[in-house]
Every structure is written in C-alpha cells, then in structure tokens.
Amino acid sequence: MRPESFVRMKGKKIPRVLLGTSPFIGAGQFGFRSLLYYRAFYDNPERIARIICKSYEIGVRGIQVLPYSFIIKAIKEAEKSLDSGLIVVGSIEDERDIEMFKDVNTVAVLTHASVTDVKDVKLVYKLLDKAKDEGYLTGVATHKPYSILKWIRDKELKMDLLMLPINKEGIFADGDMKKIVELIEDVRKDKIIIAKKALAAGRLKPETALKYVAEIADVVAIGVASEKAAEESFSIALRYFRS
C-alpha cells in the first residue's frame, strides 16, 4: 500500500495517519484489557517494534509517542529494518521529556493532557517555548475537548497542533460531540487537528468510525495491540486519510 499523505506546516510534514502508543503503557481507557496490554508491552520494546514494523508495512509513516524511554527504544529497534525513519509527534509532561525526543525524528511536541487540562497558560507556554527552541511544531493534547477548546478560544492561545478525542459517539469526551465540532471550527485556523480515541478504545468499528473522523480531523492517531488490529484499522484509515 502507498504511504499515506501528509499535512504540512512551517516547512514540516506530519503523516495523516499515526500509530498511537496508549496500548503500550496499558492506558486506562482500555478497561479490562489495560492490564493485558501492560503485561504484554510495558518495558518490552521488542514486542512494540513488531507492531511498529507491521504498521509501517501497511503504510503508516508516523507515530504519536508518549514520553516513555522504552517506546523510544522500540522506535530505534524497528527503524533498523525500515526503509526510512518514522516521523514522531511526541507528548511531554515536563522539560526533561523534551530531551528524550532528540533521539528520534521528532517534528512536533504536544503538552500531555495531564498538563494541558489544568489550564495553566504559563506552564503550557513554558513547555511549548522550550520545545519550539528545539525547532519543533508545538501544541496541546487534552482529555477534555469541550473545556479546552473553549479555553483556547477565549484566551486566543496560539499553537500549531491540537490533539483531542473525536469519535462518532462522543465517548471519552466531556461534552456533546456536535458542540465540540463547532468549537473545533472556531479555533482550527492555522492549526493541525489530530484525532485520538477515534475508535473509542475498540468500542467502535473502524469503517464507520474513521469515515466520521476523517470529515473533522486532519490527522488521526490509532493505538493497536496486535498485527491483526493494525491491518484492519490502518488499511481503513489510510483509505479515508489519503488526500
């Protein structure tokens, strides 16, 4: 399959489909599967590398990376067998995390939702300015799209990227999805919109879920926990996010 298309900003490009990394830390949104994922992937870069390589084989050229050293190690391991390096969009919780992303092909850095959702403008900009000094595009990730979109709009905050939960049923969102989409349109000028939780941690079928998200977001990040799931989700995502 052809590699997916890209969105471009300030001379940099981000693939429209990214491999997400939440399953690799056993993130809580996966319910009873969280412990299974934690046991399978946490501090297991070799197993993560296999998922990365399979995703690349399908056509995925980017990865949205949580600030864990074993995930960085997995990227480096996978890249030994890839034709080209992966494009990395990282998330950070403090200044030390920025150093971690120097070791891979990072083009953008977002404040993690645990930072963003406190709505401390000075703290967010302190971290984003540090990331900007390294030449990265910068933005924020959030678990509370309705609240944070209103905050960004009302404070007229400037950034390059915004990553937030977007899915057809509004699962994991803090408000009505129709109203969230309206707020996205209010703030999206000069911003790349990245959807996460598009499949609602496996609760939604990829075909209808990704068709919906592709009408709203510029980029989608999808976490998968098996090569089979990668094949199913990314073959569909690459079809909808190809132009």
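Here are a few things to note about the model shown:
- Solvent-accessible surface (1.4 angstrom probe) belonging to Val181, in square angstrom, nearest 10: 30
- Reducing the stretch 17-69 and the stretch 127-193 to their Cα centroids gives an inter-centroid distance of 23 Å.
- Estimated Rh, the stretch 45-141: Kirkwood, alpha-carbon pairs, angstrom: 13.7
- Hydrodynamic radius of the stretch 1-70 by the Kirkwood approach over all distinct alpha-carbon pairs: 13.3 Å.
- Cα gyration tensor, the stretch 84-156 - rounded (a/c under 1.5), prolate or oblate: prolate
- Electrostatic bookkeeping for Ser34 treats Lys and Arg as +1 and Asp and Glu as -1; over the other residues with beta carbon under 15 Å from its beta carbon, the sum is +4.
- A probe of 1.4 angstrom, applied to the heavy atoms of all protein chains, finds Phe234 with accessible area near 0 square angstrom.
- Ratio of Rg to Rh over the chain (Cα coordinates, Kirkwood Rh, two decimals): 0.93
- Legend: residue pairs Lys13/Lys54; Lys189/Lys211; Lys12/Lys119; Lys76/Lys168, Cα-Cα distance threshold 30 Å; pairs beyond threshold, Lys76/Lys168.
- The accessible-area ordering, largest first, of the residues Asp43, Asp174, Asp83 stands as Asp83, Asp43, Asp174, per a 1.4 angstrom probe.
- Accessible surface of Met100, taken over heavy atoms with a 1.4 Å probe and every protein chain present, rounds to 40 Å².
- DSSP assigns beta bridges within the chain; of those with both partners inside it, close to 10 percent run antiparallel.
- Counted by Cβ distance under 11 Å from Tyr68, the other residues give a net charge of -2, where Lys and Arg count +1 and Asp and Glu count -1.
- Per residue convex hull volume, Cα atoms of the stretch 117-230, in Å³: 113
- Residue order for Thr208, Thr106 - accessible surface, 1.4 angstrom probe, largest first: Thr208, Thr106
- Summed over the residues of the chain and divided among them, the accessible surface reaches 46 Å² per residue at a probe radius of 1.4 Å.
- Length-normalised contact order for the chain - Cα pairs under 8 Å, 6+ apart - percent: 21
The values are calculated or read from the model by the stated rules, or taken from the named source; none is laboratory data. If you're wondering where the values come from, they're calculated on a predicted model, not measured in any experiment. Counting neighbours? That spans all protein chains shown, and the Cβs are built from the backbone with ideal geometry, glycine included. Side chains included, ligands, DNA and RNA excluded: accessible areas come from the protein's heavy atoms. Shrake-Rupley method; radii C 1.70, N 1.55, O 1.52, S 1.80 Å.
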